[in-house]
Every structure is written in structure tokens, then in C-alpha cells.
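The values are calculated or read from the model by the stated rules, or taken from the named source; none is laboratory data. What you see is a predicted model; the values in this text were computed from it and never measured. Backbone-built Cβ (ideal geometry, glycine too); neighbour counts: all protein chains shown.
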Amino acid sequence: MSYDVIILGLGAMGSATAMHLAERGVRVLGLEQFTSPHDLGSSHGGSRMIRQAYFESANYIPLVLRAYELWRRLERDTNTSLLHITGGLNIGAQDGELVQRTIAASEQHSIPFEVLDAAAIRKRFPAFAPLAGDAAVHETHAGYLLPEACIHAHLQRAAHASAELKFDEKVLTWTADENGIEVQTSRGFYSAGHLVIAAGPWAKEALHDVVPLRVTRQVMAWIQPVGGVTAFLPEKFPVYLSESSDGAFHGYGFPALDGPQGGVKAAIHGSETECTPETIDRGVHAADFERIVAGLKARLPSLDGTLVRAKTCLYTMTPDEHFVIGAHPTHEHCSIACGFSGHGFKFASVVGEILADLATKGKTTHPIAQFSPLRFVM
């Protein structure tokens, strides 16, 4: 069968792309090797952080501002609640990278923020015990998204707009020539004028290493704090990033979203445990929990509590930890979005819009030059 666009992967980015294309009247086929959403990739775990004061690079801020608009539109269109504002705290050494780069990015794009010293941090958020020399940037509009619900909402809207969505159908091969692309799956053959590859941690395989990607194992833990979750309730506690005293890593976490016995979700950003989606150790071990607690308890002493549950997930990393979004380096009828390096979910709504632009117009007005796949092959 023939389509205008085929999407490989219906996770965070693929589901959003399917919706944007279908709402433009494009004949779109979405292919997903599992059900969607699922817990085998990168877009599960009940919560994903969203923030505007983007210390990683101020270039992301125009995109995340548009993402907020699109998440709110998706909420209205589906009558669901997806984006929850709690405020956000970036805490670290006053002269450290996290604090200073967050301030600089916020000032560049007029993002509302407030700098708190150690005394102000303790007063406003008693769960925190700042280290000597600490400061924090409090961002008004940060919060969290519900990832599974977001994907479901995008797929719902895509189907309503007549996208054809196929699940439990694995893509085996794809080929491209001057006329378009052909895809072979576990169930058949399909052709289209354009292919979008949004395959998450399976992108390395789907792209045949055309961009350098490294998949790593991550662990998210839900911890019952010493003394209970009262100080971590959403009306009292923000989403947060915590830079280690040596600047080597960031811990992060969320308010208590799962009731009195549900604990609070926390994790360490980054891992050197390289794997593939097939070889990942999906078990959770004592050392995983101990690493998270050790990385956070200096500033959040009550997290030295008991483990409620834990899950693994996958990061797909680029060498510079920035995204890959753009035209395939050698196939003009193919666009790719991958390598979101552990900070991409919040952008899914706008990445879908960008990929729809690329598939239908060959360009986008969104600022994506920094994310070009060509930076790795030039």
C-alpha cells in the first residue's frame, strides 16, 4: 500500500508527528513494533520534567516555549490534563555551571526566575539541605508531563484525523531512491513519498550508524522518604535538578505524585552502562538504588529511605548530547529525529510539528540548525 508519509516508531516523537501530519490532511502510516505507549524504551515512568530555563543551551528555549503551547492545545483537544506546573529548582554551587548557565539562558530569553541563597532554599523548600556555597534558580513555569498519557493523546488525535496506525509490527528493512521509499515489515510491504525515522533507542539500528548514537541503561527509583512524603507534595515541592559538588553529574526528581505510600521519583542523569534495547539488563539491583541515594542525599537527606519500586529506561546519546533532527544525510526522502540524550520528551509536541514540516515542505521555520545530522558527517 502507498502513503504520503510513513513514520517508523510511535513513541514520543513519532506519535506527535503522526498527529501533526494527519491534521494537515496527509495520508500517513505509523508503524510501531510494540504497543504504544510501552515501557521498553525511553518514554515511560509516569512523569517527565518540563522547564523553560534551559541551561543546556539557550537555543532550546524558543522550541520549548512552542512545546508548552502545543501541550496546552493537546490538552484542550483531548480534554485531558497532561502538563502540571510545580515550579522548578536548579540547585548547585553558586558559581557552578548549572546555576550560572540557567541564569544566563533565562536572562537571554526573559524566562521568569528567582535566585535563592541557602537560607531561602531551606525556608521555602524544607526538604532541601543546601551545601555550603549553594544557590538555586527557581523557575516559575517548570513542572512535569505525564508521558504515557501524552503519547496516548497524540495517537488519539492522529487516529481521529485518519492516520493509519499499526502496532506489534516490526520494520525489517527500508530502502530509498529518487522516487520515494519502501518499507518491509514483519507483515508486509509499504511505500511512501517520505519516511520519518523516530525510533528512539532503535534508531541506531534503523539508521545503520549514519549518525553516532550510544544507548545507555538508566534507572528511575521511587523512594519512600524518611518521615514520609508530606514535604514532597506537589503544592510544596518542585521538580528539581541537583548538580553534584564536583559538577560531574546531575541528580533530578519530582514531587510525590503517587499517594502517601508511592514514594518520590528520583534518578541520576547519565550513565556509562552502554547497551542495546535487546541487551539491557532490565532488572534493578541494590547498587542502582545506592547510586541514586548517594548522589542526592547530601541535599535531600530524607531520600535516604526505602525503595518502593524502580524501572529501567534507555537514553540514546549523541557525542555532544544535543538532538539530531533533520534530513537524512544521504536520502532526501527521509527525515530523522533521534539522540535526545535524556532530555527530549518535553519537546515531543514541537518535534512532531517540525518533522511534519520537513516531510511536507522540506524545511521548517523552527530553529533546528544546531541539531543537523550533518554536524557528524561533515
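Applying the criterion of being surrounded by fewer than 23 Cβ atoms within 10 Å (Cβ to Cβ) and among the aliphatic types (A, V, I, L, M) to the residues of the range 31-49, the residue that is farthest from residue 167 (Cα to Cα) is 49. Of (1) within 26 Å of the chain's Cα centre (by Cα); (2) buried (at least 19 other Cβ atoms within 10 Å of the Cβ); (3) not aliphatic (A, V, I, L, M); (4) not in a strand (DSSP E or B), residue 130 satisfies all except one. Which? Going through (1) within 26 Å of the chain's Cα centre (by Cα); (2) buried (at least 19 other Cβ atoms within 10 Å of the Cβ); (3) not aliphatic (A, V, I, L, M); (4) not in a strand (DSSP E or B) one by one, residue 130 breaks only (1).
Just one of the numbered conditions (1) surrounded by fewer than 24 Cβ atoms within 10 Å (Cβ to Cβ); (2) more than 29 Å from residue 277 (Cα to Cα); (3) in contact with a Gly (Cβ under 8 Å, 6 or more places away or on another chain) is not true of residue 92: (1). Of the residues making up the range 66-106, those that are closer than 28 Å to residue 134 by Cα and touching a helix residue (DSSP H, G or I) at 6+ places or on another chain (Cβ under 8 Å) are 89, 90, 91, 92, 93, 104, 105.
Here is a check on your reading of the model: is residue 251 free of Cβ contacts under 8 Å to residues at least 60 places away in the same chain, among the small types (Gly, Ala, Ser) and in contact with a Ser or Thr (Cβ under 8 Å, 6 or more places away or on another chain)? Considered against the rule, which asks whether it is free of Cβ contacts under 8 Å to residues at least 60 places away in the same chain, among the small types (Gly, Ala, Ser) and in contact with a Ser or Thr (Cβ under 8 Å, 6 or more places away or on another chain), residue 251 comes out as yes.
Take residue 301 and tell me if it is surrounded by fewer than 17 Cβ atoms within 10 Å (Cβ to Cβ) and under 26 Å from residue 84 (Cα atoms). Criteria met by residue 301. Meeting the requirement of 2 or more residues that are farther than 30 Å from residue 294 by Cβ and modelled with pLDDT of 95 or more, the strands (runs of 3 or more DSSP E) wholly within the range 306-378 are 324-327, 334-338. Taking the conditions (1) at pLDDT 95 or above; (2) in contact with a Lys or Arg (Cβ under 8 Å, 6 or more places away or on another chain); (3) not assigned by TED's automatic domain parsing to the domain that holds residue 176 in turn, residue 300 satisfies each one other than (2). Name the single residue that is nearest to residue 100 (Cα to Cα) among those in the range 28-72 being outside any helix (DSSP H, G or I) and charged (D, E, K, R). Checking each candidate, the answer is 56. Annotation note: Cβ proximity below 6 Å between a residue of the range 143-157 that is more than 18 Å from residue 77 (Cβ to Cβ) and a residue that is of a type in the set (A, V, I, L, M) and modelled with pLDDT under 95 (sequence gap 6+ or interchain) occurs for no pair. Picking from residues in the range 248-259 that are touching a strand residue (DSSP E or B) at 6+ places or on another chain (Cβ under 9 Å) and farther than 18 Å from residue 297 by Cβ, the one that is surrounded by the most Cβ atoms within 10 Å (Cβ to Cβ) is 257. Residue 198 meets each of the listed conditions (1) aliphatic (A, V, I, L, M); (2) free of Cβ contacts under 8 Å to residues at least 60 places away in the same chain; (3) under 21 Å from residue 314 (Cα atoms) apart from (2).
Taking residue 38 as the residue in question, decide whether it is within 15 Å of the chain's Cα centre (by Cα) and under 25 Å from residue 200 (Cα atoms). Yes. Within the bounds of the range 85-101, is there any residue that is of a type in the set (S, T, N, Q), assigned to a loop (DSSP other than H, G, I, E, B), in contact (Cβ under 8 Å) with a residue 12 or more places away in the chain and farther than 27 Å from residue 257 by Cβ? For the range 85-101, residues of a type in the set (S, T, N, Q), assigned to a loop (DSSP other than H, G, I, E, B), in contact (Cβ under 8 Å) with a residue 12 or more places away in the chain and farther than 27 Å from residue 257 by Cβ: present. The conditions of being farther than 24 Å from residue 10 by Cα, free of Cβ contacts under 8 Å to residues at least 12 places away in the same chain and touching an Asp or Glu at 6+ places or on another chain (Cβ under 7 Å) are not met by residue 363.
Residues in the range 216-241 that are crowded, with 24+ Cβ neighbours inside 10 Å and either touching a helix residue (DSSP H, G or I) at 6+ places or on another chain (Cβ under 6 Å) or outside the structural domain of residue 266 (by TED's automatic domain parsing) (or both): 2 in all. Looking at this structure, is residue 268 under 24 Å from residue 124 (Cβ atoms), touching a residue at least 12 places away in the same chain (Cβ under 8 Å) and in a strand (DSSP E or B)? It is false that residue 268 is under 24 Å from residue 124 (Cβ atoms), touching a residue at least 12 places away in the same chain (Cβ under 8 Å) and in a strand (DSSP E or B). Among the residues of the range 201-247, the ones that are within 21 Å of the chain's Cα centre (by Cα) and among the hydrophobic types (A, V, I, L, M, F, W, C) come to 13 in all. Restricting attention to the range 354-378, the residues that are buried (at least 23 other Cβ atoms within 10 Å of the Cβ) and acidic (Asp, Glu) add up to 0.
Take residue 350 and decide whether it is under 30 Å from residue 225 (Cβ atoms) and of a type in the set (A, V, I, L, M). Here the answer is no, as residue 350 does not meet what is asked.
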